[in-house]
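Below is one structure; the comments refer to it alone.
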Amino acid sequence: MTDHAPSLAPPRRILLATDLRSHSDRALDRAVQLARQWQAELHVVHVLAPGNEESWPTAPSWRQAPTTAAMAERQIRRDLAGDVPGLVLHVTDGDPAEAILEAAKRGRCELIVLGTGETDARALGHVTETLLRKSPASLLVVRERPHGSYAHVLVGTDFTAESRHGLTTAAGWFPAARLALMHVLDIPYKSLWLDAGRNEELARMEMATMQSFLADTPLPPEVRAQVLPLVEHGHPEVMLREYVIEKEADLVVISAFRRGLAFHLLVGGTSRRIVPAVPTDVLLVRAPS
């Protein structure tokens, strides 16, 4: 049993991606809350829409028309509504997803925060999907309005080293939160080939594997003792969603490989299924290379 976790300090540099529309407000509030909680630098990137500069053909001689970039910076500072440590603004143009990735790389940001305006549970926006697929930094997709620090965190696992990293990250970043650890086994046509006895035996085996996984995870004993282990059968996105709704978890943590451009979620589903289906904030933790 491993009792001492490696140092998983929270990010020192956070990047907020905002288009300055209303659905980005919750992401802004969460990014500010985390930056203040962790005493982290907050980088804010806004990508200008093409052809946004206005002309003033009859403007009086004393008028100095602000540029679109200047107006965007003014709005960002106004929306922040208070002192934010280490604030860095990036107002740029180009493809939004690529510009966000470049700003994160340039600022050496370990976490990207963005909101989602998608109301269709089956859909992901282009920018969100691209960042999920390509970002080397961890990604926090914000849906809910913050009401303080995260208090109830659900972590998905498939018992791999990458998902163990997701659990230790959740424990390190959110030490005051309740932690639940869920493994979901999706067995097609389970009822056709598993009778009641074999189903119970399988459930015992899976829980034993869960307990072994927890015992081998480098967590302080008092943290490990508080983790709620859950083994479920079904579709991962459905089980995660149902737990969030029933138990009011305010953050779901899932993990991903970071091996070149390959992208694999480790709770049995894909980004297109899990991230849009869960009705709360989702943190995708990038495992080390």
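The values are calculated or read from the model by the stated rules, or taken from the named source; none is laboratory data. Quick caveat, the model's predicted, so the values are computed rather than measured. We place every Cβ from the backbone using ideal geometry, glycine too, and count neighbours over all the protein chains shown. Ligands, DNA and RNA are excluded from the accessible area calculation, which covers all protein heavy atoms including side chains. Shrake-Rupley method; radii C 1.70, N 1.55, O 1.52, S 1.80 Å.
Pairs only if they're at least six apart or on different chains, beta carbon under 7 angstrom, first in the stretch 73-95 and modelled with pLDDT under 90, second of a type in the set (S, T, N, Q) and part of a loop (DSSP other than H, G, I, E, B); list them, first residue then second.
What qualifies is 85/39.
Going residue by residue through the stretch 96-112, is there one that turns out to be assigned to a strand (DSSP E or B) and under 20 Å from residue 286 (Cα atoms)?
The answer is yes, given that some residue of the stretch 96-112 is assigned to a strand (DSSP E or B) and under 20 Å from residue 286 (Cα atoms).
Could you identify the single residue in 208, 203, 171, 180 that is assigned to a helix (DSSP H, G or I), hydrophobic (A, V, I, L, M, F, W, C) and at pLDDT 95 or above?
Checking each option against the conditions leaves just 171.
If you scan the stretch 19-37, which residues turn out to be open to solvent by 40 Å² or more (accessible area, probe 1.4 Å) and touching a residue at least 40 places away in the same chain (Cβ under 8 Å)?
19, 21, 23, 25, 26, 29, 36, 37
Considering only the stretch 82-112, state which residues are within 16 Å of residue 32 (Cα to Cα), surrounded by fewer than 20 Cβ atoms within 10 Å (Cβ to Cβ) and within 19 Å of the chain's Cα centre (by Cα).
Once the filter is applied, which keeps residues that are within 16 Å of residue 32 (Cα to Cα), surrounded by fewer than 20 Cβ atoms within 10 Å (Cβ to Cβ) and within 19 Å of the chain's Cα centre (by Cα), the stretch 82-112 yields only 110.
Can you tell me which residue within the stretch 268-289, out of those that are open to solvent by 10 Å² or more (accessible area, probe 1.4 Å) and under 25 Å from residue 149 (Cβ atoms), is modelled with the highest pLDDT?
279
I need every pair where a residue in the stretch 1-18 that is under 16 Å from residue 169 (Cα atoms) and basic (Lys, Arg) has its Cβ under 7 Å from the Cβ of a residue that is modelled with pLDDT of 90 or more and open to solvent by 40 Å² or more (accessible area, probe 1.4 Å), sequence separation at least 6 or different chains.
Pairs that qualify, where the first residue is under 16 Å from residue 169 (Cα atoms) and basic (Lys, Arg) and the partner is modelled with pLDDT of 90 or more and open to solvent by 40 Å² or more (accessible area, probe 1.4 Å), are 12/41; 12/110; 13/41; 13/108; 13/110.
Scan the stretch 120-176 for residues that are more than 19 Å from residue 10 (Cβ to Cβ), in contact with a Ser or Thr (Cβ under 9 Å, 6 or more places away or on another chain) and of a type in the set (S, T, N, Q) and jot them down.
128, 157, 160, 163
Taking the stated definitions as given, is residue 34 in a strand (DSSP E or B) and either at pLDDT 95 or above or of a type in the set (Lys, Arg) (or both)?
no
Quick one: count up the residues across the stretch 96-130 that are under 30 Å from residue 273 (Cα atoms) and at pLDDT 90 or above.
Number satisfying all stated conditions: 18.
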